[in-house]
Amino acid sequence: MNHDQSPVRSALFVPASRPERIAKARASGADAVIVDLEDALPPRHKDSARRALAEALTDDPGGVPLWVRVNAAGSPWFDDDLALCARQPAIHGVMLPKAERPTDLVKVATLGKPLWALVESAAGVLALPELTATRGLERLAFGALDSALDLSLEDGSEGATTVLDQLRVQILLHSRARGLAPPLESVVAEFRDPRPLRRRANLAAQMGFGGMLCIHPTQIPPVHAAFAIDEARRDWARRVLQAAEQQPPPFQLEGEMIDEPVIRRAHRWLGSISG
């Protein structure tokens, strides 16, 4: 499978009902902008928001990649959402929510645009072996809020955290095994207090997520900070790669044994490989 694995630390949601915010979102510093036709809109506004988005994109100036989160497969709006994405060259890719059936991903993938699958249910996690085999799927994203509702978890409890982290591990493992781009962590609904976001972003980075879904521009700087490689590690990576140019692995450097996996980590920290 051929995947665009450009780093995405932050993906900022914008409601499709407010297309005038797209330019501001693109200027926010986010690595990607996701125009939301799903959760951000009540049913009575979905058709009018889709029409407003189509009109706004006719004079799209370009910039940060623009994605659209369509409504779930099987909903009354799914086919019309896909039709919009198919005919609008300004739309870079499609995010499919409530991803549970491979056939739904295949239908989106036929548009020929990159696909992100949002996993937010027990059924979605159990279907990961089949979902991740879909040609055209670029990466997974995790929906913690909907997953907690689906599993009847007690919001914010230690038990809920334990279960949700198990789901995160499954998403990470299947992404890596299929060679997908590193997955995106779920949104954090609180945006006035940066501490919960900072904690979750730091944990996600430590776990191996590639970035995070955001719902407000103020979340972008702390998310980027969490997913940044600090300068001390970059300096270490440079020394490793310089030494590797002079001698084949394994060798010792500053008291550490350097072999091929360590050299690959050094490349990753310097951004010279992905995954």
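The values are calculated or read from the model by the stated rules, or taken from the named source; none is laboratory data. Note that the structure is a prediction, hence the values are computed from the model and not measured. With ideal geometry, Cβ positions are generated from the backbone for all residues, glycine too; neighbour counts draw on all protein chains shown.
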Among the residues of the stretch 106-113, is any at pLDDT 95 or above, out of contact with any helix residue (DSSP H, G or I) (no Cβ under 9 Å at 6 or more places or on another chain) and not polar (S, T, N, Q)? yes
Which strands (runs of 3 or more DSSP E) sit wholly inside the stretch 187-275 and have at least 1 residues that are among the hydroxyl-bearing types (Ser, Thr, Tyr)? none
Selection within the stretch 153-194 - under 13 Å from residue 138 (Cα atoms), crowded, with 17+ Cβ neighbours inside 10 Å and in contact (Cβ under 8 Å) with a residue 60 or more places away in the chain: 178, 180, 181, 182, 184
Single residue of 25, 32, 73, 40 found to be touching a residue at least 12 places away in the same chain (Cβ under 8 Å) and farther than 17 Å from residue 215 by Cβ: 73
Can you pull out the residues in the stretch 137-168 that are in a loop (DSSP other than H, G, I, E, B) and either touching a Gly at 6+ places or on another chain (Cβ under 8 Å) or of a type in the set (A, V, I, L, M) (or both)? 151, 153
Which condition from (1) at pLDDT 95 or above; (2) in contact with an Asp or Glu (Cβ under 9 Å, 6 or more places away or on another chain) is the one that residue 65 breaks? (1)
The one condition in (1) surrounded by 19 or more Cβ atoms within 10 Å (Cβ to Cβ); (2) at positive phi that residue 134 fails to fulfil: (2)
Out of the residues in the stretch 54-84 that are of a type in the set (S, T, N, Q) and surrounded by 13 or more Cβ atoms within 10 Å (Cβ to Cβ), which is nearest to residue 111 (Cα to Cα)? 71
Within the stretch 89-103, identify whether any single residue is assigned to a helix (DSSP H, G or I), assigned by TED's automatic domain parsing to the domain that holds residue 52 and among the hydrophobic types (A, V, I, L, M, F, W, C), and answer yes or no. no
Residue in the stretch 259-269 that is nearest to residue 206 (Cα to Cα), counting only those that are touching a helix residue (DSSP H, G or I) at 6+ places or on another chain (Cβ under 6 Å) and aliphatic (A, V, I, L, M): 266
So in the stretch 1-35, with the set limited to residues that are of a type in the set (S, T, N, Q) and part of a loop (DSSP other than H, G, I, E, B), which one is modelled with the highest pLDDT? 28
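How many residues does the stretch 23-57 hold that are touching an Asp or Glu at 6+ places or on another chain (Cβ under 8 Å), over 16 Å from residue 118 (Cβ atoms) and among the hydrophobic types (A, V, I, L, M, F, W, C)?
1
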When you go through (1) in contact with a His (Cβ under 9 Å, 6 or more places away or on another chain); (2) touching a residue at least 40 places away in the same chain (Cβ under 8 Å) one by one for residue 219, which number turns out not to apply? (1)
From the options 40, 109, 49, residue that is farther than 17 Å from residue 183 by Cα and crowded, with 21+ Cβ neighbours inside 10 Å: 49
